Amino acid sequence: MNWKPILRLSGTMQGIIGIFMLIPTLMAAYLGEWEAFRAFIVSLAIIAVYLTIIFMIGKNWRSKSLSIRDVYLFVSLTWIVASALGGIPLFLTHTTKDYTSAFMEIMSGFTTTGLTTLSDIEASYRSVLFWRSLTHWLGGMGIVVLFVALLPLVGVEGFQLFGAEAVGPTKSKLTPKIKNTALILWLIYLGMTLLETLLLRLGGLPLYDALTVTFGTVATGGFVTKNASIGFYNSAYVDVVVTIFMVMAGVNFSLYFALIRARFTAVVSDIELRVYLSIFFIATMITTIALVLSHTYATFPTALRYGAFHVASILTTTGYATTDYGLWPSITHAVLMSVMFIGGSAGSTGGGIKVTRWITMFKVGVLNIKSLLHPKGIFSLQTQNERIPWKTVNSIAGFVTIYIALVLVSTIVVASAGYNLLSSFAAALISVGNIGLGLDAVGPAGTGFGPMPSYVKWFLSLMMLAGRLEIYTVFSIFTRTFWRR
């Protein structure tokens, strides 16, 4: 294990995060939130000491390629340390009741999960809440992907770094150089951020609110500065804008690059995009019709507004809410629970299992039926014009199996704290899937994660990290093979 380059690169990454922390630090001074300002200064000082120690340890590092094990350890370590240091301002300002909650809150931010331990969000400092939302934006496209985009990685395999953090079963390069690919993805992400912020400003939201809502939307995160989430604004315009951008954030970002290059055929023919939009449309129609027939809302447009918003919120794993959907008919709960298992597209900021994996698993099922009917036949899996390698199929099957196993184990852990089955299962699913909002105790009107004991919070923090880094990156570190020479 090449510890010196791992620590040095990790330290560089924390330095970048420290630079972003300067934004809420200056905001705290401008707003006169001096307790928050002191907390940020202390946090920045701790980061500075951390960097000094790390760079002293790795000062004799010479450029050397990292192995895949080094990359996995670097990426996992980066996210853990970022959450550990990023949670300090929340702890020092008493925004959270203890450091465990602060760590979980920021881990939830960086992993774009959006679950919260705060009982009264609006009572917190605005600068602290801005930092909390900013972690969404940094984690949405990926803090290591940002690292690859900003810095020349001499002697480091950038594609391995990119692949260890980017979401989806396959990691494709948009350009021959992975650094350019990372930069293009971040520029598209930035453009989407600016566009939504502008539209929300036109809808009457203050700049602070427009930015924090946008951070949670384009990152499919879910943090917002209001207790009532997006429902606080009580605006059909805001609901529509946020719904559209949640759906957009759940699309593979490589398709936006194809649009920029006028490759419209590639976009229209993309099977994952068509399935993703079909799932959104069908789930929205079922939910809307159920809301109309149950007289939950008087008119179809109103039912469509709320139904589409929450289907988009859960499908893309954003976790925003405009009302307490726990009061809706049971069929809508079944629909929302179903889309929790699906998630966004590969290459998007959304979490979950991903649409492309479900497509592949469905094709495997169909292929197995064909092989039973035609025992001597030779079949292969195809996606559009490409053959799916069996190595990829096995990886996807393993991922889905481990994903479901983690949800079941997490359900048991949460239930051990005294929560009922529905609350435990929902808490597990929204942690592993980075969804952030579920049903019952972890729904819009529930008690949330604040009252949970510390051991549950630490465990779910690990599950959020595993879900965000696509499971294999994190859990490979816990295998004997990883540490064997």
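Within region 252-295, can you find the residues that are closer than 26 Å to residue 331 by Cα and in a loop (DSSP other than H, G, I, E, B)?
Within region 252-295, 294, 295 meet the criteria.
Which numbered condition in (1) modelled with pLDDT of 85 or more; (2) surrounded by 10 or more Cβ atoms within 10 Å (Cβ to Cβ) is the only one that residue 373 fails?
(2)
Taking region 365-402 on its own, how many of its residues are of a type in the set (A, V, I, L, M) and without any contact (Cβ under 8 Å) to a residue 24 or more places away in the chain?
Pass one, region 365-402, residues of a type in the set (A, V, I, L, M): 366-367, 369, 372-373, 378, 381, 388, 393, 396-397, 400, 402.
Still in the running and without any contact (Cβ under 8 Å) to a residue 24 or more places away in the chain: 366-367, 369, 372-373, 378, 381.
Within region 365-402, residues that are of a type in the set (A, V, I, L, M) and without any contact (Cβ under 8 Å) to a residue 24 or more places away in the chain number 7.
Name the pairs whose Cβ atoms lie under 6 Å apart, with the first residue in region 428-439 and at pLDDT 90 or above, the second outside any loop (DSSP other than H, G, I, E, B) and among the charged types (D, E, K, R), and 6 or more positions between them or separate chains?
If the second residue must be outside any loop (DSSP other than H, G, I, E, B) and among the charged types (D, E, K, R), the pairs left are 434/468.
Check region 80-94 and report whether any residue there is polar (S, T, N, Q), part of a helix (DSSP H, G or I) and either touching a helix residue (DSSP H, G or I) at 6+ places or on another chain (Cβ under 7 Å) or more than 28 Å from residue 141 (Cβ to Cβ) (or both).
Filtering region 80-94 down to residues polar (S, T, N, Q) leaves 83, 93.
Those still in the list that are part of a helix (DSSP H, G or I) too: 83.
Okay, now just the ones that are also either touching a helix residue (DSSP H, G or I) at 6+ places or on another chain (Cβ under 7 Å) or more than 28 Å from residue 141 (Cβ to Cβ) (or both), so 83.
There is at least one residue in region 80-94 that is polar (S, T, N, Q), part of a helix (DSSP H, G or I) and either touching a helix residue (DSSP H, G or I) at 6+ places or on another chain (Cβ under 7 Å) or more than 28 Å from residue 141 (Cβ to Cβ) (or both).
With the requirement that a residue be part of a loop (DSSP other than H, G, I, E, B) and aliphatic (A, V, I, L, M), what does region 410-424 give you?
Taking region 410-424 and keeping what is part of a loop (DSSP other than H, G, I, E, B), we get 416-420.
The one that is part of a loop (DSSP other than H, G, I, E, B) and aliphatic (A, V, I, L, M): 417.
Pairs needed: first member in region 285-310, in contact (Cβ under 8 Å) with a residue 60 or more places away in the chain and within 16 Å of residue 235 (Cβ to Cβ); second member anywhere, aliphatic (A, V, I, L, M) and surrounded by fewer than 22 Cβ atoms within 10 Å (Cβ to Cβ); C-beta distance under 8 Å; at least 6 residues apart or different chains.
Listed by first residue and then by second, the contacts come to 305/236; 305/240.
Among (1) within 30 Å of residue 108 (Cα to Cα); (2) surrounded by fewer than 17 Cβ atoms within 10 Å (Cβ to Cβ); (3) modelled with pLDDT under 90; (4) not aliphatic (A, V, I, L, M), where does residue 265 come up short?
(1)
Could you count how many residues in region 296-328 are surrounded by fewer than 16 Cβ atoms within 10 Å (Cβ to Cβ) and in a loop (DSSP other than H, G, I, E, B)?
The qualifying residues number 3.
Conditions (1) touching a strand residue (DSSP E or B) at 6+ places or on another chain (Cβ under 6 Å); (2) under 15 Å from residue 75 (Cα atoms); (3) not in a helix (DSSP H, G or I), marked per residue:
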{"site": "426", "(1), (2), (3)": "no, no, no"}
{"site": "438", "(1), (2), (3)": "no, no, yes"}
{"site": "445", "(1), (2), (3)": "no, no, yes"}
{"site": "458", "(1), (2), (3)": "no, no, no"}
{"site": "462", "(1), (2), (3)": "no, yes, no"}
{"site": "465", "(1), (2), (3)": "no, yes, no"}
{"site": "470", "(1), (2), (3)": "no, yes, yes"}
{"site": "476", "(1), (2), (3)": "no, yes, no"}
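Can you tell me which residue within region 329-338, out of those that are more than 20 Å from the chain's Cα centre (by Cα) and in a helix (DSSP H, G or I), is surrounded by the fewest Cβ atoms within 10 Å (Cβ to Cβ)? Steps first, please.
Initially, region 329-338 is screened for residues more than 20 Å from the chain's Cα centre (by Cα), giving 329-335.
So of that shortlist, the ones also in a helix (DSSP H, G or I) come out as 330-335.
Values: 330: 9, 331: 15, 332: 25, 333: 20, 334: 12, 335: 24.
The extreme case among them is 330.
Does region 437-459 contain any residue that is touching a Pro at 6+ places or on another chain (Cβ under 6 Å) and within 29 Å of residue 333 (Cα to Cα)? Explain how you work it out, then say what you get.
Filtering region 437-459 down to residues touching a Pro at 6+ places or on another chain (Cβ under 6 Å) leaves none.
No, every residue in region 437-459 fails to be touching a Pro at 6+ places or on another chain (Cβ under 6 Å) and within 29 Å of residue 333 (Cα to Cα).
Exactly one of these conditions fails for residue 341: (1) more than 17 Å from the chain's Cα centre (by Cα); (2) surrounded by fewer than 24 Cβ atoms within 10 Å (Cβ to Cβ); (3) not acidic (Asp, Glu). Give me its number.
(1)
Can you tell me which residue in region 76-105 is farthest from residue 473 (Cα to Cα), limited to those that are buried (at least 19 other Cβ atoms within 10 Å of the Cβ) and hydroxyl-bearing (Ser, Thr, Tyr)?
93
Which pairs do you get when a residue that is in a loop (DSSP other than H, G, I, E, B), found in region 212-237, comes within reach of a residue that is crowded, with 16+ Cβ neighbours inside 10 Å and basic (Lys, Arg), reach meaning Cβ atoms under 8 angstrom, with the pair 6+ apart or on two chains?
So the pair list comes out as 223/132; 225/126.
List every residue pair whose Cβ atoms lie under 8 Å apart, where the two residues are 6 or more positions apart in sequence or sit on different chains, the first residue falls within region 241-255 and is among the aliphatic types (A, V, I, L, M) and at pLDDT 95 or above, and the second residue, located anywhere, is surrounded by fewer than 23 Cβ atoms within 10 Å (Cβ to Cβ) and not in a helix (DSSP H, G or I).
Listed pairs, sorted by first residue: 241/203.
Just a yes or no: is a residue in region 470-483 in contact with a helix residue (DSSP H, G or I) (Cβ under 6 Å, 6 or more places away or on another chain), closer than 14 Å to residue 343 by Cβ and modelled with pLDDT under 95?
yes
Check off (1) free of Cβ contacts under 8 Å to residues at least 60 places away in the same chain; (2) of a type in the set (Lys, Arg); (3) assigned to a loop (DSSP other than H, G, I, E, B) for residue 201 and give me the number that stays unchecked.
Result: residue 201 fails condition (3) only.
Name the single residue, out of those in region 106-152 being in contact with a Gly (Cβ under 9 Å, 6 or more places away or on another chain), under 20 Å from residue 313 (Cβ atoms) and at pLDDT below 90, that is surrounded by the fewest Cβ atoms within 10 Å (Cβ to Cβ).
Ranking the qualifying residues of region 106-152, first place goes to 140.
Quick one: what pairs do we get from region 258-281, first residue over 20 Å from residue 187 (Cα atoms), second in a helix (DSSP H, G or I) and of a type in the set (Gly, Ala, Ser), C-beta under 6 Å, 6+ apart or different chains?
266/258
Check region 196-207 and report whether any residue there is crowded, with 23+ Cβ neighbours inside 10 Å and farther than 21 Å from residue 305 by Cβ. Even if it seems obvious, please write down each step before you answer.
Going through region 196-207, the residues crowded, with 23+ Cβ neighbours inside 10 Å turn out to be 196, 200.
Narrowing further to those that are farther than 21 Å from residue 305 by Cβ: none.
No, every residue in region 196-207 fails to be crowded, with 23+ Cβ neighbours inside 10 Å and farther than 21 Å from residue 305 by Cβ.
The values are calculated or read from the model by the stated rules, or taken from the named source; none is laboratory data. Predicted model only: the values in this text are computed from it and were never measured. Glycine gets a Cβ as well: all are built from the backbone with ideal geometry, and neighbour counts include every protein chain shown.
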